[in-house]
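Chemist: The structure is given below, and queries will be raised subsequently.
The values are calculated or read from the model by the stated rules, or taken from the named source; none is laboratory data. It should be emphasised that the depicted structure is a prediction, and the values quoted were computed from it without experimental measurement. With ligands, DNA and RNA removed, areas are computed over all heavy atoms of the protein, side chains included. Shrake-Rupley method; radii C 1.70, N 1.55, O 1.52, S 1.80 Å.
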Amino acid sequence: EDDLEVTTDVMQAAAIMHDLDEDTEFKVSDIRTVFGEAVANLVDELSRPDHLGKTRADKYDWMEGYMEKSLEAVIIKIADRVSNVNDYLADEKKQAYASFYALQGYPVYQAYLIYGGSNIRILNDIHAMDEIVRKRYPNVSMFADYADKVVRKIATEPGKHGWK
């Protein structure tokens with residue numbers, strides 16, 4: 001909590017409303033009016049941009065964008081991924097998709113690690129996502145696959161990642 005720039009109440013409100021802008025007529029501007037600037041800004045950060053397509057590549061590009069988002073957005077997105085993966089695992093028809101969905105979130109998990117996140121529950125969630133991925137894709141490892149890419153991105157664009 002000491003590393004967060006907003007209160008846990010703001011985090012909880014944004015987490016509950018994170019899909020409103022994408023999935024309903026209640027938009028970020030409405031959230032700003034009713035719930036305030038801090039909640040609206042975080043929901044805006046979590047909302048998929050309208051210009052982004054719906055392909056898997058587009059979704060992955062959006063996930064990579066979390067490398068430049070706030071720690072608060074990264075934490076909420078990890079919780080969202082974990083919740084959705086658990087829902088997929090509980091549904092026999094969607095179980096096969098769970099590992100791919102967990103894999104798509106790797107840039108978000110990596111962003112948390114780069115931030116130096118140390119919350120044991122979040123780290124356990126990241127580890128659980130990695131294990132789900134590795135059951136289906138045994139040669140994939142979050143750390144091996146992304147470490148070089150992250151280092152190169154930081155080296156080529158210093159100071160543009162929101163990292164402290």
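Chemist: Sticking to Cα atoms, compute the Rg of the stretch 54-96 to one decimal and its Dmax as the biggest Cα-Cα distance, whole number, in Å.
Modeler: Over the stretch 54-96's Cα set, Rg and Dmax evaluate to 12.4, 35 Å.
Chemist: If contacts are Cα pairs under 8 angstrom and at least 6 residues apart, what is the relative contact order of the stretch 1-123 in percent?
Modeler: The normalised contact order for the stretch 1-123 reaches 22 percent.
Chemist: So what does residue 70 come to for accessible area, using a 1.4 Å probe and Å² rounded to 10?
Modeler: So the heavy atoms of residue 70 present about 30 Å² to solvent.
Chemist: Further, regarding this structure: Mind checking the full-extension length gain between residue 141 and residue 19? Use 0.36 nm per residue of separation minus the Cα-Cα distance, one decimal, nm.
Modeler: 41.0 nm
Chemist: Roughly how much of residue 6 is accessible, in Å² to the nearest 10, using a 1.4 Å probe?
Modeler: Solvent-accessible area, nearest 10 Å²: 40 Å².
Chemist: Hey, what's the Kirkwood Rh for the stretch 1-137 if you take every pair of different alpha carbons, in angstrom? Walk me through the intermediate numbers first.
Modeler: On the way: mean 1/r = 0.0643 Å⁻¹.
Taking every pair of different Cα atoms in the stretch 1-137, averaging 1/r and inverting gives 15.5 Å.
Chemist: With all protein chains present, calculate the accessible area of residue 91 using a 1.4 Å probe and round the result to the nearest 10 Å².
Modeler: 50
Chemist: Now, a different point. Going from most exposed to least, what order do 89, 52 have by accessible area with a 1.4 Å probe? Could the numbers behind the result be given before it?
Modeler: On the way: 89 70, 52 30 Å².
Largest accessible area first, the list is 89, 52.
Chemist: Here's something else I'd like to know. Considering only protein heavy atoms, with the full assembly of protein chains and a 1.4 angstrom probe, order 31, 120, 114 by accessible area, largest first.
Modeler: Numbers: 31 0, 120 115, 114 50 Å².
From most accessible down to least: 120, 114, 31.
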